[in-house]
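Here's the structure we're looking at; comments come further down.
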Amino acid sequence: MTNEEFKKTLWDAANKLRGSVSAAEYKYPVLGLVFLKYVSDLYEAQADVIRGRLADPKSDIYIENAETRAGAETAFVTDKTFYESDNVFWVPETARFNALLKKASDPTLPQKLDAAMREIEVENPSLNGVLYREFSRLALEPGKLGELMAQIGRLMFDPKTHGSRDVFGEVYEYFLGGFAMAEGQRAGEFYTPKSVVNLIVEILAPFKGKLYDPACGSGGMFVQSQKFKDAHQGKGKKGDLAVYGQELMAQTRRLCMMNMAVHGLDGDIGQTYGSTFTNDQHKSLRADYVMANPPFNISDWDGDKLTDDPRWVYGIPPAGNANYAWLQHMLARLSGRGRAGIVLSNGSMSSQQSGEGEIRKNMVVGDVVECMVAMPGQLFSNTQIPACLWFLSKDKKAGINGSVDRRGVVLFLDLRKAASGRISRTQIEFTEEDLRRFAMTYHRWRGTEFSDGEAYADESGFCRSVGLEEIKEHGYVLTPGRFVGSEDIEDNDESHSERMRRLVAQLSAQMQKRLTLDASIKTRLEVLGYEL
């Protein structure tokens, strides 16, 4: 069985057991159990690591005499410091996955799992308030929880097998994607499609420095950035990323922290959950890379309370839409050489409402817009609103970010018809080949260290490098279609159903106006003595 087949089989089995429990509720216990299996296996493997060090002459805890070493083993493998020093969570014996699996048929299993999760939190302060502890409230049929544990128990961590640790991270990601498909519209709170994340990562190429996501969801940007960094290590290169983030929703923040843990990632996700706008937990941060998929077009972001905020360098964002608040917040958190990649709705590229057009003009004139990307529909499972990518930069001159001076120009990419992968009847994705082509276009244009060395060239219908004067001629509208030679993109953010509701409302208003007018004419004619 291949790795992909194993993940799918495991997902199908776990999903079948949820019965009438909603996907929105079910993801927390399932991912919680994946995490429990991971920390339990890692804990047990660490004991073998410690025993190996005791017998290794190069180790700082080497004990030469075999009899003395055997006598000391118990003391060493039960010493918490030897686990904490290797970033391995301490798991009490009664809280370990296999110990609980033996009690799978016990009717009090849900209560035992709640207690086990609490024990782990007590022993590991960094997990306090993170783990799922509501198994006893879960409305699963009797025995189903034990069956679910048996399925997840098929995951095995073997330190002797290369990449074994990665399996947990891959399963966690696969399950997140599965729940996103099942939840549909609500999934945007915690999940960004992998190919969208990968496109941002491949263009920004986070390798060394500080990485920040102010709307981090379940942590997908962090995970893929770490994979990018690991993939480009070697050949004289050594990457190092420090991770920072913030998440509005408490439960989603927990998913993020578990996701980071199963991928071996450490980072600063703030002291607690909360709004990035009103409770910014990284005010002094200046990041080298910022990447985010913030919620589109939100109106309840307390913008009316933040009109004098120093982040609004290019103009005060409207209280009814946070799109330009997100863009300016991320610019404010960039270092002098920093770059950002942000997912937003298509309307952000052309809107003239409530001063947004003026803010966009100021950003273009200020030369902080580096690249604009139009994406195809059907990339997201949770919204029909067309989306785009904004890439911003604090340093477009030749130097650290690339050998080509790109001051005064913007790269436009139109990818609306460029996705060649399909996930399902209703959802598409970028393939690895697609991503390589898109990212390489940017790296050639910018002359980065990740370029293949070939010269950049405009390609009709796909990409074009455009000067600020030409952008000015288009009223600072940034939709790629009008610049690359393909048909212009729809500038609105409405799904089909939303558009139909709006049109019906407009028609109703017109009919009402006509009826009112007809009544007025009738009254006037009657006053003049005409009988109707």
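Just a few scattered comments:
- Meets criteria (over 30 Å from residue 251 (Cα atoms) and in a helix (DSSP H, G or I)) for residue 94: no
- Scope region 135-148; condition outside any helix (DSSP H, G or I), open to solvent by less than 90 Å² (accessible area, probe 1.4 Å) and out of contact with any helix residue (DSSP H, G or I) (no Cβ under 7 Å at 6 or more places or on another chain); matching residues: 139, 140, 143
- Qualifying residues in region 225-279 (those that are assigned to a loop (DSSP other than H, G, I, E, B) and of a type in the set (Lys, Arg)) - the one nearest to residue 205 (Cα to Cα): 238
- Close pairs (8 angstrom Cβ cut-off, 6 or more residues apart or separate chains): of a type in the set (S, T, N, Q) in region 139-152, surrounded by 13 or more Cβ atoms within 10 Å (Cβ to Cβ) anywhere: 151/10; 151/13; 151/14; 151/17
- Residue 285 being more than 27 Å from residue 366 (Cα to Cα), in a loop (DSSP other than H, G, I, E, B) and either without any contact (Cβ under 8 Å) to a residue 60 or more places away in the chain or not aromatic (Phe, Trp, Tyr) (or both): no
- One residue alone among 12, 41 is acidic (Asp, Glu) and touching a residue at least 12 places away in the same chain (Cβ under 8 Å), and that residue is 41.
- When residues in region 387-418 are screened for being crowded, with 21+ Cβ neighbours inside 10 Å, among the hydrophobic types (A, V, I, L, M, F, W, C) and part of a loop (DSSP other than H, G, I, E, B), 1 of them pass.
Here's the yes/no breakdown for (1) open to solvent by less than 10 Å² (accessible area, probe 1.4 Å); (2) closer than 28 Å to residue 425 by Cα; (3) modelled with pLDDT of 95 or more; (4) not in a strand (DSSP E or B):
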{"site": "339", "(1), (2), (3), (4)": "no, no, yes, no"}
{"site": "354", "(1), (2), (3), (4)": "no, no, no, yes"}
{"site": "359", "(1), (2), (3), (4)": "yes, no, yes, yes"}
{"site": "364", "(1), (2), (3), (4)": "yes, no, yes, yes"}
{"site": "370", "(1), (2), (3), (4)": "yes, no, yes, no"}
{"site": "381", "(1), (2), (3), (4)": "no, yes, no, yes"}
{"site": "385", "(1), (2), (3), (4)": "no, yes, no, yes"}
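- Taking region 113-124 as the range and being open to solvent by less than 70 Å² (accessible area, probe 1.4 Å) and either charged (D, E, K, R) or at positive phi (or both) as the test, the residues that pass are 114, 119, 121, 123.
- Residue pairs whose Cβ atoms lie under 9 Å apart, sitting 6 or more positions apart in sequence or on different chains, and linking a residue in region 393-415 that is within 14 Å of residue 478 (Cα to Cα) to a partner that is among the aliphatic types (A, V, I, L, M) and in a loop (DSSP other than H, G, I, E, B), are 410/478; 412/478; 414/489.
- Among the residues of region 224-269, just one is touching a residue at least 40 places away in the same chain (Cβ under 8 Å), buried (at least 22 other Cβ atoms within 10 Å of the Cβ) and within 23 Å of residue 451 (Cα to Cα), namely 225.
- Residue match in region 431-440 (condition: modelled with pLDDT of 65 or more, surrounded by 12 or more Cβ atoms within 10 Å (Cβ to Cβ) and more than 24 Å from residue 349 (Cα to Cα)): yes
The values are calculated or read from the model by the stated rules, or taken from the named source; none is laboratory data. What you are looking at is a predicted structure, and each value in this text was computed from that prediction instead of being measured. As a convention, Cβ positions derive from the backbone with ideal geometry for all residues, glycine included, and neighbour counts pool all protein chains shown. All accessible areas refer to the heavy atoms of the entire protein, side chains included, with ligands and DNA or RNA removed. Shrake-Rupley method; radii C 1.70, N 1.55, O 1.52, S 1.80 Å.
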